[in-house]
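Here's the structure we're looking at; comments come further down.
Just so you know, all these numbers are worked out from the coordinates, no wet-lab data involved. Note that the structure is predicted; figures quoted are calculated from it, not measured. All Cβ positions, glycine included, derive from the backbone under ideal geometry; neighbour counts span all protein chains shown.
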Amino acid sequence: MEITWYGHSCFRLTERNYATVVTDPYDNKSIGYSALRLKSDIVTVSHDAPGHNNTDSVKGISHVIDGAGEFEIGGVFITGVQTDGAGSSKEKSKDKDNGARNTIYVFDYDGITVAHLGDLKQTPTQSEIESLGTINVALVPVGGGGGLNAAKAAEVISLIEPNLVIPMHYSTPAVKLSLDSLNKFIKEMGLSKPETQPSLKVTRSGLPNETRVVVLEYQSS
């Protein structure tokens, strides 16, 4: 399968003969980045805020998922786990990028699992972590604001123990929100400056045994 990042918390997950998923499409006028022009079968919304709920920017949608539950669509198994980790009302008024509750989504493409943590703010409970199951790829907010800061992101990664981590929701030249830089997270993880790549192709045989961070370049759609 292939994972492409379009900035902020928006990714597209694609695999031949399976439904395409777009996560957390943003309103570019509020968030920055290029206006989204994506097609997808499924759109997931982690919480109701302009940085995450602009479903009108995605064409061809057959299903919008905006909360907890279990779904099977186009060969993809999707589990939504609700958390209380989407920030406070004070933060909501400050950066206009928070909803009240957050949903983590796990996408299972024929045994390859991808977890999108949304705007997770706090460390998940043990029961929430158990609900996620085994995670191969974790899409993790690392820049603070409405989501995890670098230190909390590192803590959550150590609990989930994914094979691969793709950071999201951090400061870039294109984003308008006040977020921390990626460098804080990279230092927190004890890494040197990582190389970036346009997208990530994931195969079961290619999964590393030890957790590895992969930094994606945000793409214009």
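Need the full-extension length gain, Ser34 to Phe77, defined as separation in residues times 0.36 nm minus the C-alpha distance. One decimal, nm.
Taking Ser34 through Phe77 to full extension adds about 12.5 nm, to one decimal.
May I ask you to order 153-163, 124-134 by the average number of other C-beta atoms within 10 Å around their residues, highest value first?
Packing proxy ranking, top to bottom: 153-163, 124-134.
Mind checking which aspartates and glutamates have their Cα closer than 18 Å to the Cα of Lys187? Skip sequence neighbours fewer than 8 apart in that chain.
The reachable aspartates and glutamates, counting only those whose Cα sits under 18 Å from Lys187, are Glu155, Glu195, Glu210.
Taking the DSSP beta bridges in the range 2-216 as the whole, what percent of them are antiparallel, to the nearest 5?
Taking every DSSP beta bridge within the range 2-216, about 60 percent pair in antiparallel fashion.
Could you grab the relative contact order for the chain? Cα pairs under 8 Å, six or more apart, rounded to a whole percent.
Relative contact order for the chain comes out at 19 percent.
Name the long-range amide H neighbours of Ile73: under 5 Å, sequence gap of 5 or more, or other chain; modelled H, no Pro or chain starts.
Those lying under 5 Å, H to H, from Ile73 are Ile78.
As a test of the formula, what do you get for the chain when each DSSP H run with n ≥ 4 contributes -39,500 (n - 2.57) and the sum is divided by the residue count, at 222 nm and rounded to the nearest 500 deg cm²/dmol?
-4000 deg cm²/dmol
If packing is taken as the mean number of other Cβ atoms within 10 Å per residue, what is the order of 112-123, 53-64, highest first?
112-123, 53-64
From the phi angles alone, apply the Karplus equation (6.51, -1.76, 1.60; θ = phi - 60°) to the range 188-196 and give each ³J(HN,Hα) in whole Hz, x where the residue is Gly or Pro.
4, 7, x, 9, 7, 4, x, 6, 9
Does the range 2-216 come out rounded, prolate or oblate, given a ≥ b ≥ c as the square roots of the eigenvalues of its C-alpha gyration tensor, rounded meaning a/c under 1.5 and, failing that, prolate meaning a/b above b/c?
It comes out rounded by the Cα gyration axes.
Hey, how many Å between the Cα centroid of the range 11-79 and the Cα centroid of the range 184-221?
Centre-to-centre (Cα) distance: 21 Å.
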